[in-house]
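Visitor: This is the structure I want to talk about, given as structure tokens.
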Amino acid sequence: MIKTAVPATETGTQSWNAKLSEQPATAGPDRRSRLRRAAEHYGPVLAIYGTLKLIGFVAFMWLLHSAGDYRTKHPRFGGGAHPWDVLASWDGWWYQQIAVHGYDPQLVPIPDATGPITLQGNSAAFFPLYPALMRLVSEFTGLGPYGAGLLVSVVASLAAALGIYAVTERLGGRRAGLAAAGLWAVWPGSGVEWAVYSDSLYVALAVWACHAVLTRRWLTAGLLTCVAGLNRPTAVALIAAVVVAALLALYRSRDGILRPVAAMVVAPLGLLAYLGWVGHQMGDYNGYFRLQSGAWAHEWDYGRHTLDVFTSVPVGHFDYLSAWPFADLIGIGVVLLALALLLLLIRLRPPAVLMVYTVSTLVLVLGSQQIFGNVSRYLLPLFPLFLPLALALRRLSLNHQLMLLGIAALASGSYAGYGLFELGVP
């Protein structure tokens, strides 16, 4: 069972905060001291994540420039005038359209269409929080939608790194926390962390919601989960995790009744509000799911499509729906890695909120029909799976940790970046 590791610095910080509460709030030096302590504690987290991420990002840009295939592709579909334009293609194009023009939810049939795609794509398939922040940042900074979206993603990725560190440090100590933050930079699918995509924002909200549960700040957990529900549909896994954790708290009578119940009530409101609004605008309260199925062939199929891929790719067959050989091979590797790490995570007996969140996310992703090559991206939010690896890496010296993660960062330019954006459909 995981034992909560409390670093010496945490005890010192608590004592220091207690002393502060006994002193009059006058002196600026105390505030500066607090900022200095925070910088010393969290600065290495951001330095490790940022350095590793930058290595992978540069490798990704170099591969794009070296291959040059982006020059022959449409700007919406992995192309552009410059390598960095690729970061705003695919879903990034839709997010920019929403940030500039807003929504117009519709179900528009494609005339005489046959096969799985029978509806025209519509922006209502993309949740509103990320493009809303893009627009807000654009208005305040003067950046265009591309620059604003990239800025939101980069800042959110840093917030996610800090959250992953905070959760892992609480369970495994500082060395494990630093390793986990590094793993976030090189994980399969991490190519979308610094792109015009909503994934970094979702992970930041999810990890801090879980941290709030671990520290028994129930209303904070409920509010963060509510906001996450405005960002991605897979927030249903986070909602389930918070609700289960709150029910356990009620059963154990640890935190009273009001706060856990408030978390359970607030957590699903964001997701339900957006789905309800889209359904109302379309005149069909199942409209969001009809759009996902008819325009993108994304739907719950109890894992049939995943099984089809797993029985086809190993024998060299690529006749299943939305086959992208290179990206699909990476996806199979990621799923196998996730399942292996899940077994190791179960052995550690982590808190219920992390276990429910991880299993629910895996079930949602693997039980759905979708572009399988995106699995490495869809499983990017599984930060609890970093824990077994982080606990193993903490046994190494920091130099050896950074050496291993640096090699992975260099390789991530291909498997987490180029493989997604140019050899698949992220």
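The values are calculated or read from the model by the stated rules, or taken from the named source; none is laboratory data. Remember, it's a predicted structure, so these values are computed and weren't measured experimentally. All Cβ positions, glycine included, derive from the backbone under ideal geometry; neighbour counts span all protein chains shown. Ligands, DNA and RNA are excluded from the accessible area calculation, which covers all protein heavy atoms including side chains. Shrake-Rupley method; radii C 1.70, N 1.55, O 1.52, S 1.80 Å.
Visitor: Just checking, how many residues over the range 103-131 are in a loop (DSSP other than H, G, I, E, B), of a type in the set (A, V, I, L, M) and touching a residue at least 60 places away in the same chain (Cβ under 8 Å)?
Guide: Initial filter on the range 103-131 (in a loop (DSSP other than H, G, I, E, B)): 103-108, 110-118, 120-122, 126-128.
The next check asks that each one be of a type in the set (A, V, I, L, M); those that pass are 107-108, 110, 113, 117.
From what is left, the residues that are touching a residue at least 60 places away in the same chain (Cβ under 8 Å) are 107, 117.
Qualifying residue count for the region: 2.
Visitor: Taking VAL155 as the residue in question, decide whether it is among the aliphatic types (A, V, I, L, M), open to solvent by 70 Å² or more (accessible area, probe 1.4 Å) and in contact with a Lys or Arg (Cβ under 8 Å, 6 or more places away or on another chain). Full working, then the answer.
Guide: Details: among the aliphatic types (A, V, I, L, M): yes; open to solvent by 70 Å² or more (accessible area, probe 1.4 Å): yes; in contact with a Lys or Arg (Cβ under 8 Å, 6 or more places away or on another chain): no.
It is false that VAL155 is among the aliphatic types (A, V, I, L, M), open to solvent by 70 Å² or more (accessible area, probe 1.4 Å) and in contact with a Lys or Arg (Cβ under 8 Å, 6 or more places away or on another chain).
Visitor: Restricting the first residue to the range 276-300 and requiring it to be assigned to a loop (DSSP other than H, G, I, E, B), which pairs with a second residue that is modelled with pLDDT of 95 or more and loosely packed, with under 15 Cβ neighbours inside 10 Å meet a Cβ separation below 9 Å and a spacing of at least six or different chains?
Guide: Hits for this filter: TYR285/GLY276.
Visitor: Take the conditions without any contact (Cβ under 8 Å) to a residue 40 or more places away in the chain, over 20 Å from the mean Cα position of the chain (by Cα) and open to solvent by 80 Å² or more (accessible area, probe 1.4 Å) and apply them to ASP308. Does it pass? Give the derivation first.
Guide: Values: without any contact (Cβ under 8 Å) to a residue 40 or more places away in the chain: yes; over 20 Å from the mean Cα position of the chain (by Cα): yes; open to solvent by 80 Å² or more (accessible area, probe 1.4 Å): no.
Criteria not met by ASP308.
Visitor: Do you know which of the residues in the range 133-146 that are assigned to a helix (DSSP H, G or I) and free of Cβ contacts under 8 Å to residues at least 24 places away in the same chain is surrounded by the most Cβ atoms within 10 Å (Cβ to Cβ)? Spell out the reasoning first.
Guide: Step one: list which residues in the range 133-146 are assigned to a helix (DSSP H, G or I), which gives 133-141, 145-146.
Cutting the leftovers down to free of Cβ contacts under 8 Å to residues at least 24 places away in the same chain gives us 136-137, 139-141.
Values: LEU136: 13, VAL137: 20, GLU139: 10, PHE140: 9, THR141: 11.
For the range 133-146, the residue satisfying everything is VAL137.
Visitor: Okay, next question. So GLU40 fits all but one of (1) at pLDDT 95 or above; (2) over 17 Å from TYR418 (Cβ atoms); (3) not hydroxyl-bearing (Ser, Thr, Tyr); what number is the exception?
Guide: That leaves (1) as the condition not met.
Visitor: Which condition number does PRO314 fail, the rest of (1) surrounded by 17 or more Cβ atoms within 10 Å (Cβ to Cβ); (2) assigned to a helix (DSSP H, G or I) being met?
Guide: Every condition holds for PRO314 apart from (1).
Visitor: Right, GLY149: under 27 Å from the mean Cα position of the chain (by Cα), open to solvent by less than 40 Å² (accessible area, probe 1.4 Å) and free of Cβ contacts under 8 Å to residues at least 12 places away in the same chain or not?
Guide: No: the conditions fail for GLY149.
Visitor: Moving on. So which residues in the range 80-97 are aliphatic (A, V, I, L, M) and either touching a residue at least 60 places away in the same chain (Cβ under 8 Å) or open to solvent by less than 10 Å² (accessible area, probe 1.4 Å) (or both)? Step through it out loud before you land on a result.
Guide: Applying the first criterion (aliphatic (A, V, I, L, M)) to the range 80-97 yields 81, 86-88.
Residues satisfying the conditions are VAL86, LEU87, ALA88.
Visitor: Still on this structure, please answer the following. Looking at the range 279-299, is at least one residue within 17 Å of the chain's Cα centre (by Cα) and basic (Lys, Arg)?
Guide: So the first thing to find is which residues in the range 279-299 are within 17 Å of the chain's Cα centre (by Cα), and the list is none.
No.
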